[in-house]
1. Can you give the accessible area of residue 183 in Å² (nearest 10), computed on protein heavy atoms with a 1.4 Å probe?
2. Work out, in µm²/s and without decimals, the Stokes-Einstein translational diffusion coefficient of region 259-312 at 20 °C, 1.002 mPa s, Rh from Kirkwood over C-alpha pairs.
3. Compute the length gained on full extension between residue 21 and residue 165: take 0.36 nm times their separation in residues and subtract their Cα-Cα distance, giving the result in nm to one decimal.
4. Could you put 87, 96 in order of accessible surface area, largest first, with the 1.4 Å probe and the full protein assembly present?
5. What do you get for trypsin sites (Lys or Arg not before Pro) in region 23-108 restricted to DSSP loop and a cutoff of at most 12 other Cβ within 10 Å of the site's Cβ?
6. Taking 2.2 N^0.38 Å as the expected size of a compact globular protein, what ratio does the Cα radius of gyration of region 267-457 give against it, to two decimals?
7. Checking the table 15/229; 166/229; 47/242; 63/166; 63/410 against a 32 Å threshold on Cα-Cα, which pairs fail?
8. Let's test the formula: R0 of 25 Å, r as the Cβ-Cβ distance of residue 467 and residue 33. What FRET efficiency results, to the nearest 0.05?
Amino acid sequence: MRVMAQVAMVMNLDKCIGCHTCSVTCKQTWTNRGGVEYAWFNNVETKPGVGYPRRYEDQERWKGGWALDRRGRLVLRSGGRFARLLSLFSNPDLPSLEDYYEPVTYDYDNLLSAPAGQDMPVARPRSVLTGEPTAITWGANWEDGLGGAPEHAGADPNLSGEWAEKVRFEFEQTFLFHLPRLCEHCLNPACVSACPSGAMYKRVEDGIVLVDQDRCRGWRMCVTACPYKKVYVNHATGKAEKCTFCFPRVEAGQPTVCSETCVGRLRYLGLLLYDADRVGEAAATPDERDLLDTQRGVFLDPEDPGVRAAARESGVPEDWLEAARRSPVYDLAVRYGVALPLHPEYRTLPMVWYVPPLSPVLDAVGAAGGDQDDPDHVFAAVTRLRIPLEYLAELFAAGDTDVVGGVLMKLTALRSYMRERSLGGDGDETALRAVGLTPGEARDLHRLLAVAKYADRYVVPAAHKEDAAALDAVENRCPVGSPPSPAGPRGVALGMPTVRRRAPETPAGGRP
Ligand code: SF4
Ligand code: SF4
């Protein structure tokens with residue numbers, strides 16, 4: 001067992017109001033510069049919708065993430081080293097600017113300097129890239145608030161199954177929820193393995209994935225390989241940039257900017273301890289519906305004395321072990337199992353997880369003429385919610401509706417129990433028992449999901465600066481092991497090129 005620690009995130013989608021504050025504050029911090037006007041390290045999508053860039057979830061088209069070859073080996077969908085070499089100067093699997101959107105500004109000056117006349121002066125849109133007047137025809141969230149949904153959301157790649165006819169786009173029949181997205185800082189990052197220059201790397205001490213701007217040669221293999229399309233090319237420098245998980249803040253023990261400013265208070269940050277020796281095996285799990293369990297199996301119980309001893313041996317500091325014990329991410333993703341990874345079938349083992357949204361379940365019981373106090377009626381309603389289980393399963397469980405249904409039933413039982421208690425009753429424990437929760441666990445989960453304060457939501461231990469010199473010395477070490485690859489050092493499985501323990505002088509995100 002090789003114990004490593006990673007800072008990870010959970011988002012409770014029930015609480016996201018789609019205000020985009022996280023995206024704007026992230027942009028102001030990291031991409032408020034020339035060359036990355038179109039880039040949103042954090043963006044908030046409306047689902048159903050095609051996302052940003054358009055249809056990024058269609059891996060048949062974009063070749064992102066990992067797949068198993070005929071011998072069951074993990075291979076990059078974008079191909080081995082030779083295939084990628086052939087597409088070095090002409091890569092057909094890169095989204096174009098049109099797939100993101102053309103950034104615009106407005107002729108604000110016209111509002112102030114237009115001569116007096118009959119008509120009200122207007123500020124016309126102008127392309128930031130060419131400076132020419134332009135028409136706004138696309139954006140990072142064109143479906144926002146259902147604005148473009150009737151026209152475009154049907155092209156959502158998650159709506160490919162026969163069940164998709166359950167999704168309606170007519171007013172009063174449809175549904176929407178918001179999906180905030182950032183780099184997943186994956187345990188098995190395809191971007192790192194695809195980079196021919198060794199510029200992308202995963203930090204050993206906290207798992208944050210960064211780009212070394214000095215090493216990046218602009219080959220853009222990382223853009224193709226990332227199935228979440230969370231690497232962007234700065235068109236001014238020609239180099240890759242991506243979410244940095246706000247590492248300067250995290251090193252100081254502070255939450256990321258998107259978390260700090262989240263209006264819905266739906267983000268949680270915490271450490272996860274994991275067994276680096278089991279990452280490769282987990283990512284290569286044959287049945288993609290088992291990937292959730294195998295990824296959870298890689299995470300280690302921070303209360304286990306054996307794990308703590310092994311972690312100390314691996315150099316995890318004592319205060320980090322304490323932080324791992326208090327981690328809200330461990331509680332939500334593993335202990336209570338209510339958070340799920342986004343598209344586990346991409347096999348990158350993502351580390352930003354989501355509590356799926358629960359539609360108004362009691363309304364659904366009432367609409368069906370059921371008894372809102374009868375757990376059987378309430379559980380039955382979960383399968384008839386306006387957001388079809390199949391849709392959530394496509395997003396969070398490789399299509400397995402039992403997994404998503406199980407989480408929603410747990411949340412429903414919790415809601416029903418706490419509702420009764422807050423109305424002065426004792427709370428009926430029958431429903432809780434049916435979903436495997438004790439009353440104490442239910443109260444703890446309720447505290448986490450509903451009333452957690454700042455210090456409970458963000459448990460981020462500060463970096464140990466005294467280790468900085470030792471961390472700098474760690475080069476060419478992969479945190480998850482790298483089996484030899486017949487397709488070249490970075491073509492297959494977990495071949496991670498260069499891993500440093502600290503950010504370089506000119507770190508990822510492009511900021512010197
Ligand atoms: S989500 Fe982030 S870490 Fe994962 S493959 Fe994409 S860029 Fe790399
Ligand atoms: S700030 Fe929070 S509530 Fe607002 S869009 Fe972002 S994640 Fe959702």
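The values are calculated or read from the model by the stated rules, or taken from the named source; none is laboratory data. Quick caveat, the model's predicted, so the values are computed rather than measured. Cβ atoms come from the backbone with ideal geometry, glycine included; neighbour counts cover every protein chain shown. Just so you know, the surface numbers come from the protein's heavy atoms only, side chains and all, with ligands and any DNA or RNA stripped out. Shrake-Rupley method; radii C 1.70, N 1.55, O 1.52, S 1.80 Å.
1. Accessible area, nearest 10 Å²: 10 Å².
2. Values: Rh = 13.3 Å.
Here the translational diffusion coefficient equals 161 µm²/s.
3. Details: separation 144, 0.36 × 144 = 51.84 nm, distance 3.32 nm.
Contour length minus Cα-Cα distance gives 48.5 nm.
4. On the way: 87 25, 96 55 Å².
Correct descending sequence by accessible area is 96, 87.
5. Details: sites: 27, 33, 54, 55, 61, 63, 70, 71, 73, 77, 81, 84; in loops: 33, 54, 55, 63, 70, 71, 73, 77.
Answer by residue number: 70, 71.
6. On the way: Rg = 17.9 Å, N = 191, 2.2 N^0.38 = 16.2 Å.
Ratio of Cα Rg to 2.2 N^0.38 Å: 1.11.
7. Numbers: 15/229 25 Å; 166/229 28 Å; 47/242 23 Å; 63/166 28 Å; 63/410 35 Å.
Beyond 32 Å: 63/410.
8. Details: r = 31 Å, r/R0 = 1.25.
Calculated transfer efficiency: 0.20.
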